[in-house]
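Here's the structure we're looking at; comments come further down.
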Amino acid sequence: MTMGDPIQLKDEGNKHFQAGDIDKAIECYTKAIKECKDKNTLAVIHRNRSACYLKKENYASAASDASKAIDIDAADIKALYRRCQALEKLGKLDMAFKDVQRCATLEPKNKTFLETLRRLGAEIQAKLKTTFSTDSRVQNMFDILLNEEMEKDKREKAANNLIVLSREDAGAERIFQNNGVPLLLNMIETGKPEMILAAIRTLSGMCTGHKARAMAIIHMVGVDKMCSIMAIDNEEIALATCNLFQCINDSLTGGDSREYGKEEALVLGLKKILKVCGQVPELPDQLPLTENTQLIASVLLNKLYDDLTCDPERNNFRDVCDEYIKSKIDPNNMDKTLHAVNVISGLLQGPFDVGNALVGHQGIMEMMVALCGSEREVDQMVAVEALIHSSTKMSRASFIITNGVSLLKDIYKKTTNERIKIRALVGLCKLGSAGGDDYSLRQFAEGSTEKLAKQCRKWLCNPQIDTKTRKWAIEGLAYLSNDADVKDDFVEDELALKAMFELAKSRDKTILYAVACTLVNCTNCYDKKEIIPELVQLAKFSKQHVPEQHPKDKKDFIEKRVKRLLKAGVTSALAVMVKADSSILTDQTKEMLARVFLALSEDARDRGTIVAQGGGKALIPLALEGTDTGKVKASHALAKIAAVSNPEIAFPGERMYEVVRPLVSLLHTDREGIQNFEALKGLTNLAGYSEKLRKKIVKEKALPDIENYMFEEQDQIRQAATECMCNLVTCKEVQDRYLEDGNDKMKLLVLLCGEDDDKLQIAAGGALAMITAAQKKLCTKLTRVTPQWLEILQRLCLHTNPNIQHRGIVIVYNMLNSDDNELAKKLIESEMLEILSVIGKAADNPKRQEVIDAARACLVKAMDLDLIKPFTSPS
């Protein structure tokens, strides 16, 4: 049999199909599939056989064949529509709906697709109504779920159906009316994570958007119960419960104001969450919690507070918290008071403003200080943590500094409990670093900062200590590393660095933040205040404080630290941190990571290391979302990497194309010159790489900016822009812009060739040589844009740099070859002929061969055009 067989068989199958002989067609296609090696042809054959099976009403085979075609090309619209038809017949409406949705996305104007989409949508709705209107279904689901003997997949299916059902108002009502809440509580009582999760998600659905039902559910389930579910050591369940609180809160604070009881419910819910926040696991009779529960409660409080829209609501929230704390403070009952202080800690980690206002109240601060001096270890621990959280704001910190430092030092020295020691230390660090990196604002005696940092590094490297306590060690370093001696010691301690990177893989927001802070400090990439010498004199004269720089914060020390961090694998750690969920990775942390990346990529020789450890990929999400500063810093780091790397390696796969937009954003005139310059360098490298990348650069509207920078006064920016344009002129869209009338683009290119700067002339000459070769019309246009054109061209052809000379002669050749006889004649009648003759008649010379060959090609062309006589050797 010949190799052409599969194609022949396919064509034969097509003939049978058109003739209506479906069985024969299937036979041919099946043979063709066995013979076929080319996957695109294979896709077509599968797609055709799928059509046959549809006709034969063999829907399962039709769907399977269409899927095989879709696997090869996900946008194969015929295969998608055939699979949709097959799936509909098989009763899989939702899957059919997805397929036709994709068809309609690919061809939005296609009437058939739109009609099918509408029809299937209506059918799915109708099916839902009929399937779900029956109460017996609900009963049935609960029976399956609560039956121990039932097989696992049936129970999972029932759980999913229940969740889906609860998200429709009618469905939620059916569950509620059918004794659903007690049954859901039974599911929770089983203690099986998947059952608890399904029950919580069903409750969330039932509470969404329906105030009366949400109220009833709160009363039936009880907030205490919800809080205890939140304490189960399972992140998914904790977050789902968090979401349930959110749904309840949204329903109770929603627009429907007829309902009574909204206030009471919110107050009730808030108090219960505050209760969770204030639990002290070391005391008797506490709710059962895991180590993350309180963090989640703080996040929840923060979310509730953020979602309040108007001042009265926020004031009410504050008052409830205030009342709650006042009700707990009791000089005769230490445990109750401790609970109050812990609640304040929780608020300071959640809605900071609320906590901050409370700390300022009469007697609260004194109470914390008093607890620090207590004999009981648990009092000291809770008080020290509260002090740490409340010393974030500098103004208050002055009160704490005067009272707190001596207290904390005392605790630090006396306690034998490592957990308290470490927290006291962080308190000291926090207070001690209140002066930032200002060398002279030291709270501690000289040298003691290094001692504290050494202790923190020791704790960090000790796997025997629990994670929560080691987390405080990182917090300590985040503050202490404001001090340059500490930074320098830390980066020398590779074990401590690696321990920190290991912890950075955690899912705890505060750890990520502390690691990011520490790295920002070690690389000195925070915003520096400009110190103006005149002001320093003035400040000294008026006895004002003057910030001083530590000798180890000078450039060469920073460079050494960057190298140490890279060697210890900082890039891989950053790449892991960037992937964290957005609820953990805040915009502020993202900005810090972007700053660190930029500092790491400062030296071009290090960029290969960054790329090798996945830094290129990790930067893209930082450049696309976050704070404005963060996005700019990340884009700048991307530009540095893109300028010196092979894009396929630095940004594998489709990511190459995602880099273009961040780079183009740096071309804005309000960005700094260095950012414009490095973005142009990066785009130049990308543009030289592939036509697809050039098209993407054009599509992102970069051309007007690049053209503007070709007019720039600053030499390096102008040169970079011209080099970038030189790499883009092979693109049809770019050539069209040069062909348009009414602009100075062509003129600028010609004039840049006449500038006295080798690199600029190479770029501008290269662009002109390529664009005149691609578009003959531009050869004529070139002579009209400036009267100096001939003089500039002659100077290029006489240049001492063979690269520039070669470009000039290629432009002349393009003009002779442009079908404009007048122009060719004009060139040959000028001194150009003499220049070409001198160059062309020179002896071969490997250093200048390109130039000599180009000149000879021009002379041959001129002979072809009968503008000069063929050379005859003298007789």
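The values are calculated or read from the model by the stated rules, or taken from the named source; none is laboratory data. None of the values given here were measured: they were computed from a predicted structure. Backbone-built Cβ (ideal geometry, glycine too); neighbour counts: all protein chains shown. For accessibility, only protein heavy atoms count, side chains too; no ligands or nucleic acids. Shrake-Rupley method; radii C 1.70, N 1.55, O 1.52, S 1.80 Å.
Would you confirm whether any residue within the stretch 532-553 is at pLDDT 80 or above and part of a helix (DSSP H, G or I)?
So far as the stretch 532-553 goes, no, none of its residues is at pLDDT 80 or above and part of a helix (DSSP H, G or I).
Among (1) in contact with a Cys (Cβ under 7 Å, 6 or more places away or on another chain); (2) outside any helix (DSSP H, G or I); (3) basic (Lys, Arg), where does Arg694 come up short?
Of everything listed in (1) in contact with a Cys (Cβ under 7 Å, 6 or more places away or on another chain); (2) outside any helix (DSSP H, G or I); (3) basic (Lys, Arg), Arg694 misses just condition (2).
Can you give me the number of residues within the stretch 318-354 that are over 21 Å from Pro281 (Cα atoms) and within 34 Å of the chain's Cα centre (by Cα)?
Adding up the residues that qualify gives 4.
Is it the case that Lys336 is surrounded by fewer than 17 Cβ atoms within 10 Å (Cβ to Cβ), within 13 Å of Lys275 (Cα to Cα), of a type outside the set (Val, Ile, Thr) and not assigned by the TED database to the domain that holds Ile248?
The answer is yes for Lys336.
Closer than 26 Å to Ser166 by Cα and outside the structural domain of Asp23 (by the TED database) - does that describe any residue in the stretch 108-117?
For the stretch 108-117, residues closer than 26 Å to Ser166 by Cα and outside the structural domain of Asp23 (by the TED database): present.
Would you mind finding the one in Gly209, Gly171 that is outside any helix (DSSP H, G or I), within 41 Å of the chain's Cα centre (by Cα) and under 20 Å from Ser251 (Cα atoms)? Working first, answer last.
On the way: Gly171 fails: outside any helix (DSSP H, G or I).
That would be Gly209, the only listed residue that is outside any helix (DSSP H, G or I), within 41 Å of the chain's Cα centre (by Cα) and under 20 Å from Ser251 (Cα atoms).
Checking Ile7 against (1) among the aliphatic types (A, V, I, L, M); (2) modelled with pLDDT under 95; (3) open to solvent by less than 50 Å² (accessible area, probe 1.4 Å): exactly one of these is not met. Which one?
Going through the list (1) among the aliphatic types (A, V, I, L, M); (2) modelled with pLDDT under 95; (3) open to solvent by less than 50 Å² (accessible area, probe 1.4 Å), Ile7 breaks only (3).
Name the residue, out of Lys409, Lys498, that is surrounded by fewer than 17 Cβ atoms within 10 Å (Cβ to Cβ), in the same structural domain as Ala370 (by the TED database) and at pLDDT 75 or above.
Numbers: Lys498 fails: in the same structural domain as Ala370 (by the TED database).
From the options Lys409, Lys498, the qualifying one is Lys409.
Are any residues in the stretch 174-206 of a type in the set (Lys, Arg) and in a helix (DSSP H, G or I), and if so, which ones?
If the condition is that a residue be of a type in the set (Lys, Arg) and in a helix (DSSP H, G or I), then Arg174, Arg201 are the ones that fit.
Is it the case that some residue within the stretch 654-670 is under 18 Å from Lys759 (Cβ atoms) and of a type in the set (Val, Ile, Thr)? Lay out the reasoning, then the answer.
Here is the first cut: in the stretch 654-670, the ones under 18 Å from Lys759 (Cβ atoms) are none.
No; the residues of the stretch 654-670 include none that is under 18 Å from Lys759 (Cβ atoms) and of a type in the set (Val, Ile, Thr).
If I filter the stretch 658-682 down to residues being among the hydrophobic types (A, V, I, L, M, F, W, C) and assigned to a loop (DSSP other than H, G, I, E, B), which single residue comes out as farthest from Thr722 (Cα to Cα)?
Result: Val659.
Which helices (runs of 4 or more DSSP H) sit wholly inside the stretch 575-631 and have at least 1 residues that are under 11 Å from Ala516 (Cβ atoms) and at pLDDT 85 or above?
Ranges flagged: 587-600.
Could you go through the stretch 141-160 and let me know if any residue there is closer than 19 Å to Asp94 by Cβ, modelled with pLDDT of 90 or more, part of a helix (DSSP H, G or I) and out of contact with any strand residue (DSSP E or B) (no Cβ under 6 Å at 6 or more places or on another chain).
no
Any chance the stretch 296-309 includes a residue that's open to solvent by 30 Å² or more (accessible area, probe 1.4 Å) and touching a Pro at 6+ places or on another chain (Cβ under 8 Å)?
Scanning the stretch 296-309 turns up at least one residue that is open to solvent by 30 Å² or more (accessible area, probe 1.4 Å) and touching a Pro at 6+ places or on another chain (Cβ under 8 Å).
Kindly evaluate Glu712 against the criterion of being in a helix (DSSP H, G or I), charged (D, E, K, R) and farther than 26 Å from Thr800 by Cα.
no
Return yes or no: is Gln455 among the polar types (S, T, N, Q), modelled with pLDDT of 75 or more and either closer than 18 Å to Leu348 by Cβ or open to solvent by less than 50 Å² (accessible area, probe 1.4 Å) (or both)?
Spelling it out, Gln455 is indeed among the polar types (S, T, N, Q), modelled with pLDDT of 75 or more and either closer than 18 Å to Leu348 by Cβ or open to solvent by less than 50 Å² (accessible area, probe 1.4 Å) (or both).
Condition check ((1) outside the structural domain of Asn161 (by the TED database); (2) farther than 17 Å from Ala172 by Cα; (3) at pLDDT 85 or above) across all residues:
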{"residue": "Asn186", "(1), (2), (3)": "no, yes, yes"}
{"residue": "Arg201", "(1), (2), (3)": "no, no, yes"}
{"residue": "Arg213", "(1), (2), (3)": "no, no, yes"}
{"residue": "Ala231", "(1), (2), (3)": "no, yes, no"}
{"residue": "Thr241", "(1), (2), (3)": "no, yes, yes"}
{"residue": "Leu244", "(1), (2), (3)": "no, no, yes"}
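Report yes if some residue within the stretch 791-813 is under 19 Å from Val750 (Cα atoms), open to solvent by less than 50 Å² (accessible area, probe 1.4 Å) and not in a helix (DSSP H, G or I); otherwise report no.
Looking through the stretch 791-813, at least one residue is under 19 Å from Val750 (Cα atoms), open to solvent by less than 50 Å² (accessible area, probe 1.4 Å) and not in a helix (DSSP H, G or I).
Scan Ile72, Ile7, Ile26 and give me the residue that is closer than 30 Å to Leu117 by Cα and touching a Cys at 6+ places or on another chain (Cβ under 9 Å).
Numbers: Ile72 fails: touching a Cys at 6+ places or on another chain (Cβ under 9 Å); Ile7 fails: closer than 30 Å to Leu117 by Cα.
Exactly one of Ile72, Ile7, Ile26 is closer than 30 Å to Leu117 by Cα and touching a Cys at 6+ places or on another chain (Cβ under 9 Å), namely Ile26.
From the residues in the stretch 638-673 that are surrounded by fewer than 19 Cβ atoms within 10 Å (Cβ to Cβ) and among the hydrophobic types (A, V, I, L, M, F, W, C), which one is farthest from Gly688 (Cα to Cα)?
Among residues in the stretch 638-673 that are surrounded by fewer than 19 Cβ atoms within 10 Å (Cβ to Cβ) and among the hydrophobic types (A, V, I, L, M, F, W, C), the one farthest from Gly688 (Cα to Cα) is Ile649.
Can you tell me which residue is surrounded by the most Cβ atoms within 10 Å (Cβ to Cβ) among those in the stretch 715-757 that are part of a helix (DSSP H, G or I) and of a type in the set (Asp, Glu)?
It comes out as Glu723.
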